[in-house]
Amino acid sequence: MIYLETPRLRLRDWEDEDLEPFSRLNADEQVMRYFPKTLSWEETAASYKAFISEFRECGFGFYAVEIKESKEFIGFIGFHRATFESDFTPCVEIGWRLKKEAWGKGYATEGAAACLSYGFAELGLGEVYSFTAEVNEPSKNVMRKIGMSFVKTFAHPRVDPGSPLAKHVLFRIESR
């Protein structure tokens, strides 16, 4: 099923054929530089199954993203229920992960903006959060471009406190 289309992107259900390029994406050290580690094939397969399960449970999730013109899988953009322990969870977060060949083209901003519109208008979300490691300037820029506002910094409870990635920033946007 196709959930959203933008001028250049199609945000759709996951397909079995996505698992191989998704695994390459998660194994890429540059793509995963703001995460604690790259993911193995098994970890990627578990994420894939969790994404599909979240769609069944919530009616939303991280959508597989392809370029409309070429039908090339480039990653994911969408929503996730964040449930780790924090003063702002549980919440719905918006997130994205795209292969490096897709960077710098505005795809994350284009897809995330469409997701927010869909989330507020069709899913009835009242607010959406996003968070990333404080050092992740590219994602913070996308958050700002889609109209999100900085809320605070926090220590992510699932990241080793000694890691340079432990300090996170939290952004938020409300339905208009």
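A short reminder: the numbers here are calculations on the coordinates, not readings from a lab. Everything quoted here is computed from the prediction, not taken from an experiment. FYI the Cβ positions are ideal-geometry reconstructions off the backbone, even for glycines, and counts take in every protein chain you see.
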Calculate the FRET efficiency for Arg144 and Ser70 from the Cβ-Cβ distance with a Förster distance of 45 Å, rounded to the nearest 0.05. 0.95
Could you derive backbone 3J(HN,Hα) for the stretch 12-19 from the dihedral phi with the Karplus parameters 6.51, -1.76 and 1.60 (θ = phi - 60°), listing whole Hz in sequence and x where the residue is Gly or Pro? 9, 4, 6, 10, 3, 5, 6, 4
Step by step: find N for the stretch 26-101, compute 2.2 N^0.38 Å, then divide the Cα radius of gyration by it. What's the final number? 1.18
What's the magnitude of the charge dipole for the stretch 1-93 around its Cα centre, counting Lys and Arg as +1 and Asp and Glu as -1 at the beta-carbon? Answer in Debye, nearest 20. 200
For the chain, what is the relative contact order in percent, using Cα pairs closer than 8 Å and at least 6 residues apart in sequence? 18
With the cut-off at 30 Å, report for the chain the share of all Cα pairs above it, as a whole percent. 10
Cβ charges +1 (Lys, Arg) and -1 (Asp, Glu), total dipole of the chain, debye: 600
Amide H to amide H under 5 Å from Glu127: which residues, 5+ apart in sequence or cross-chain, H placed 1.01 Å off N in plane? Ser175
In nm, spacing of pseudo-spin labels at Arg81 and Glu17 (7 Å Cα→C-beta vector): 3.1
In the stretch 89-147, if the dipole is taken from +1 on Lys/Arg beta carbons and -1 on Asp/Glu beta carbons about the Cα centre, which of Cys91, Val142, Ser130 is farthest to the positive end? Val142
